[in-house]
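I have placed the structure first, in the form of C-alpha cells, so that the comments after it can refer back to it.
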Amino acid sequence: MANYSREAEHQSKALDNILNDRPAEKRIFVGGVDKEFKKELEKKALQERKDREGRTEVLKEARTPWFCPDCDKIMKKRIDSEYYRKFGHCLDCQVEFENKLAIAGKLNDHVEDAVKLNKKAYIKDLKQSIEEWKNSKDYVEFFNQVNPDGYTVETEKWSQNQENLNNLIVEAEEYLQKLEESI
C-alpha cells in the first residue's frame, strides 16, 4: 500500500464499513485558530478603532451641533450651520447681538472692523502667494504624451525673464505694503 495519510485511512475504513452494513465510526472535528494570528487581528482592529476615533475627534469641531451653545435652541435651518461656522452660534443669536450693537450705536464700528479684518486677511493671502512665487523655479516644465506607445513623455521647459519677474515681485510687495498701511 502507498503512503496514505491518517485521514485517507479513516475515510477508507469508514467507506468499507458503510458498504458492508456496519456502523461507521463517528468523529468530531474541532477547528482551532492560530493564537498569533488572532492576536494580530485584534491588534489591527484596535489600531483601526483608534484611527477612526482620532478622525472623528478632528471632525467634531467641523460638525454643527444640534443645539446652539448660547441659547440652547435647535439649529435645524441650513443658515444656522453657516452662522455657527462663522460666529459660533445660530442666526437668531447673531441677529440679537447685532441688534444690541445697533441700539448702542456701535454697529457701524463693528461692520468696519469686520471689513478691515477681511482686507487684512486678503493682503496676507496675496503676500503668501508672492512668497510662493519667489521660491518657484526659474522655468516652467510641461509634460506632453505625444507618442502612441502610452508611456513616452516629452518635456517642454519655458524659461522666464528672471529680472522682469523680480521687478514685478518688488512692485507687488511695495503695493501691498501701501495697502496694508492705508487700512
Lys38 surrounded by fewer than 11 Cβ atoms within 10 Å (Cβ to Cβ) and among the charged types (D, E, K, R): yes
With respect to Asp113, is the statement that it is loosely packed, with under 12 Cβ neighbours inside 10 Å and under 30 Å from Phe67 (Cα atoms) true? yes
Might you let me know whether the stretch 114-136 holds any residue that is among the aliphatic types (A, V, I, L, M) and more than 30 Å from Tyr83 (Cβ to Cβ)? yes
Enumeration of residues in the stretch 134-174 that are assigned to a helix (DSSP H, G or I) and of a type outside the set (A, V, I, L, M, F, W, C): Lys134, Gln162, Glu163, Asn164, Asn166, Asn167, Glu171, Glu173, Glu174
Which residue is surrounded by the most Cβ atoms within 10 Å (Cβ to Cβ), if the candidates are limited to the stretch 135-175 and must be within 30 Å of Ile123 (Cβ to Cβ) and β-branched (Val, Ile, Thr)? Ile169
Could you list, in sequence order, all residues of the stretch 36-90 that are assigned to a loop (DSSP other than H, G, I, E, B), within 24 Å of the chain's Cα centre (by Cα) and modelled with pLDDT of 85 or more? Trp66, Gly88
Pick from Glu131, Glu98: which is assigned to a helix (DSSP H, G or I), under 28 Å from Leu165 (Cα atoms) and not polar (S, T, N, Q)? Glu131
It is to be established whether one or more residues within the stretch 3-16 are small (Gly, Ala, Ser), in a loop (DSSP other than H, G, I, E, B) and out of contact with any Lys or Arg (no Cβ under 9 Å at 6 or more places or on another chain). yes
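The values are calculated or read from the model by the stated rules, or taken from the named source; none is laboratory data. Worth saying up front: this structure is predicted, and the values here are computed from it rather than measured. Because the Cβ atoms are built from the backbone with ideal geometry, glycine has one as well, and the counts that use them run over all protein chains shown.
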